[in-house]
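Please treat every number below as a calculation from the coordinates, not as lab data. This one's a predicted model, so the numbers in the text were calculated from it and none came from an experiment. We place every Cβ from the backbone using ideal geometry, glycine too, and count neighbours over all the protein chains shown.
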Amino acid sequence: MTLLEVKDLKQHFTINKGFLGKKTTVKAVDGVSFSVNEGETLGIVGESGCGKSSLGRSILRLIEPTSGEIKYKGKNITDLKGKDLKDLRKEMQIVFQDPFASLNPRNTVRDILEAPLIIHGVGNRKQRLEMIENLIGKIGLRKEQLSNFPHEFSGGQRQRIGIARALTLNPKLIIADEPVSALDVSVQSQVLNLMSSLQEEFGLSYVFISHDLSVVQHISDRVAVMYLGKIVELAEVDELYSNPQHPYTKALLSAVPVPDPKQKRDRIILQGDLPSPVNQPTGCTFHTRCPMATAECKTIVPELREKSFGHWTACIHV
Amino acid sequence: MVRRIFSSPLTLIGFILVFILLFLAAFAPLIATYNPLEVNFSNKLQPPSSAHIFGTDEVGRDIFSRIVYGSRISLKVGLLVVVISFPVGTMLGAIAGYFGGLVDQIIMRLTDIFLSFPGIILAMSIAAALGPSIENVLLALAVVWWPWYTRIVRSSVLSIKNAEFIESSRALGAHPFRILFKDILPNSIAPASIQASLDLGFVILAAAGLSFIGLGAQPPSPEWGAMLSSSREILREAWWAATFPGLAILFTVLGFNLLGDGLRDVLDPKQR
């Protein structure tokens with residue numbers, strides 16, 4: 001069953017340049033559509049600055065979307081306000097990238113985990129403590145550590161506390177914004193495995209945002225590739241990694257290191273830098289760096305089309 | 001923490017000076033050798049001696065005892081002004097920084113107006129309008145003092161308001177005021193509280209200044225500024241009558257400054 005449905009979501013930011021300067025618009029997210037099923041993990045990959053994080057925050061209504069529609073369990077949540085919005089917060093939560101910035105340094109772990117319960121008026125003091133103690137066991141910390149402050153923990157432990165905080169209200173959907181990018185590789189797998197087991201236990205759906213292709217491959221059921229605020233390819237994880245269609249996806253996948261020195265590799269090296277999202281190229285935004293680009297690409301904006309069952313690509317040459 | 005505060009000799013001196021002031025104020029009746037208000041014309045303008053270690057003034061009052069009692073007045077003014085203006089300034093700064101937009105504009109332009117006057121001039125006019133008394137000086141200084149805290153708190157709020165832990169509280173559905181009090185204020189109040197400890201000295205100095213020009217404590221109150229003022233005319237015959245209240249002000253301001261500087265060094269590692 002579809003849990004989350006995003007239709008033509010746009011997130012534009014207006015910047016004032018100087019006192020008399022012109023206003024310019026940054027199109028961080030520019031017409032993105034996808035859906036997330038119950039119990040599923042949707043991976044979203046892309047370079048820095050392609051709008052992945054803005055997309056996550058926009059879905060959570062942490063920033064107000066410019067246009068488009070977000071449906072949760074079939075209900076339009078794009079314009080929710082007040083109490084309805086607060087109730088929605090119980091359903092979807094976020095895990096942040098930086099485990100050092102995402103926990104209030106002056107609060108104990110107990111304060112941090114109890115806050116969501118207090119905000120939503122769940123239980124009394126004793127019941128809340130029980131819930132927290134139960135939760136902290138699930139993320140592999142001890143009860144005695146509840147009175148410790150964030151700086152007394154390692155990066156991995158902090159990230160697990162961040163995950164526990166997101167779970168206190170029993171949400172259905174977790175937006176994970178680069179949850180392991182700031183961690184050591186050995187700790188990464190620990191946190192990823194924790195996320196997988198929690199997903200099974202609580203029936204969670206994840207929107208897993210990352211720039212790390214192998215991490216996304218490991219955890220996702222389906223993967224969306226973003227470039228300059230648009231989804232360029234969306235498919236089942238195995239299909240996408242074994243049979244990439246869009247030239248950008250091909251280039252990204254060819255850059256993943258393979259731990260075998262003998263294997264011959266055909267790397268596709270993209271020319272130039274990511275264009276500024278302020279001055280986006282015309283037509284297909286990728287044409288400035290695309291090895292397959294033709295004259296048409298400068299004028300025609302490619303639609304995201306279903307090429308084979310469940311495999312969507314936005315390229316006129318595929 | 002305590003050891004780090006006292007690792008600097010200057011901070012230790014500051015602490016000792018402030019401690020002496022607190023001690024004098026707390027035990028004034030036991031320390032003072034005479035009644036500070038007791039007039040004795042047969043004994044006027046005595047130089048420092050074993051009977052009157054700081055001498056006597058133009059109506060024969062013991063200057064040492066007056067200084068000891070005066071510490072109570074100075075400390076009261078310093079503490080109350082900071083206690084009134086600090087929370088007001090802090091709250092306004094936090095609200096301006098966190099909510100931004102029009103609220104920010106209104107609050108910050110208001111502080112600009114207050115800061116564009118020299119504080120002591122504004123305090124003078126307020127104290128003069130309300131009538132000279134130490135309570136009105138206190139009120140006038142509190143009105144003048146809050147914008148400094150507003151400025152400081154606003155800038156530290158701006159630096160943390162986009163931190164991920166704030167965003168997380170928003171994602172959890174926390175009310176803006178909960179975020180303000182639980183997340184933002186505890187993490188942005190340190191610089192302003194250091195300023196407050198430095199300000200205790202400056203407030204005492206300003207209050208003494210207002211009393212000196214006759215807008216504050218009125219005779220026969222043993223306020224240090226008022227004592228300086230009344231000893232002005234007899235400076236040539238009796239140097240002690242002006243010197244000792246002046247030194248009392250000097251050491252008090254110096255003490256709070258050294259202590260405040262020490263606190264800043266300890267609480268803000270970036271300044272070292």
Practice prompt. On a 0 to 90° scale, report how tilted helix B:63-99 is relative to the longest principal axis of chain B, with both axes built from alpha carbons and the result rounded to the nearest 10.
Written response: 10 degrees
Worksheet, complete the sentence: Under the Karplus relation with 6.51, -1.76 and 1.60 and θ = phi - 60°, whole-Hz ³J(HN,Hα) for segment A:173-190, x at Gly and Pro, equal 10, 10, 8, 9, 8, 6, x, 10, 5, 8, 10, 5, 4, 5, 6, 3, 5, 4
Practice prompt. Stick to the Cα atoms of chain A, pair each with every other, and give me the Kirkwood hydrodynamic radius in Å at one decimal.
Written response: 21.0 Å
Worksheet item: Among B:128-136, B:226-234, A:80-88, what's the highest-first ranking by average C-beta atoms within 10 angstrom per residue?
Response: B:226-234, B:128-136, A:80-88
Practice prompt. Report the full-extension gain for the segment A:N37 to A:S196: residue separation times 0.36 nm, less the Cα-Cα distance, to one decimal in nm.
Written response: 55.7 nm
Fill in: Order of A:V256, B:V82 under a 10 Å beta carbon neighbour criterion, fewest first
A:V256, B:V82
Discussion item. Please list, short to long, the whole-number percent of alpha-carbon pairs of the protein assembly as shown in consecutive 20 angstrom bins beginning at zero.
Written reply: 17, 36, 25, 15, 6, 0
Fill in: Stokes-Einstein translational diffusion, segment B:1-102 - Kirkwood Rh over all Cα pairs, 1.002 mPa s, 20 °C, in µm²/s
126 µm²/s
Item to complete: On each of the three principal axes of the Cα atoms of segment A:10-153, give max minus min coordinate, whole Å, ordered largest first.
Response: 55, 38, 30
Item to complete: Over the whole of A:156-168, what's the average partner chain Cβ count within 10 Å per residue? Rounded to a whole number, please.
Response: 1
Fill in: A:M292/A:K75 FRET efficiency (R0 41 Å; Cβ-Cβ; nearest 0.05)
0.50
Worksheet item: For the pair B:I121 and A:R125, how long in nm is the line joining their label points, each one 7 Å along Cα→Cβ?
Response: 5.5 nm
Worksheet, complete the sentence: Log entry: pair-distance distribution for segment A:1-73, C-alpha pairs binned every 10 Å from zero, whole % per bin is 18, 46, 25, 8, 3, 0
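Listing A:C290, A:C284 from the residue with the fewest other Cβ atoms within 10 Å to the one with the most, what is the order?
A:C290, A:C284
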Worksheet entry | Full-extension gain in nm, A:I269 to A:V185, via 0.36 nm per residue minus C-alpha separation | 27.7 nm
Worksheet item: Once the Cα gyration tensor of segment A:176-239 is diagonalised, what are the square roots of 5 times its eigenvalues, in whole Å and ordered largest first, as equivalent ellipsoid semi-axes?
Response: 20, 15, 10
Worksheet item: Counting pairs of alpha carbon atoms under 8 Å apart in space and at least six apart in sequence, what relative contact order in percent does segment B:71-251 give?
Response: 27 percent
Worksheet entry | Nonlocal amide H pairs with A:I175, under 5 Å, H built at 1.01 Å | A:Q93, A:I94, A:V95, A:V207
Worksheet item: If each residue's Cβ is checked for other Cβ atoms within 10 Å, how do A:M226, B:M91 rank with the fewest at the top?
Response: B:M91, A:M226
Practice prompt. Could you please tell me the mean projected area of the C-alpha convex hull for segment B:71-251, averaged over all directions and given in square nanometres to one decimal?
Written response: 11.5 nm²
Worksheet item: Which FRET efficiency value, to the nearest 0.05, do you get for B:L79 and A:M1 by plugging their Cβ-Cβ distance into 1/(1 + (r/R0)^6) with R0 = 56 Å?
Response: 0.30
Discussion item. Quick check: residue separation of B:R109 and B:F6 times 0.36 nm, minus the Cα distance between them. What number comes out in nm?
Written reply: 33.1 nm
Fill in: Degrees separating the helix B:239-267 axis from the principal Cα axis of chain B, which is the longest one
20 degrees
Worksheet item: Once phi is turned into θ = phi - 60°, what whole-Hz ³J(HN,Hα) does the Karplus curve with 6.51, -1.76 and 1.60 give for every residue of segment A:210-222, x standing for Gly and Pro?
Response: 7, 9, 9, 5, 6, 5, 5, 4, 5, 9, 8, 8, 10
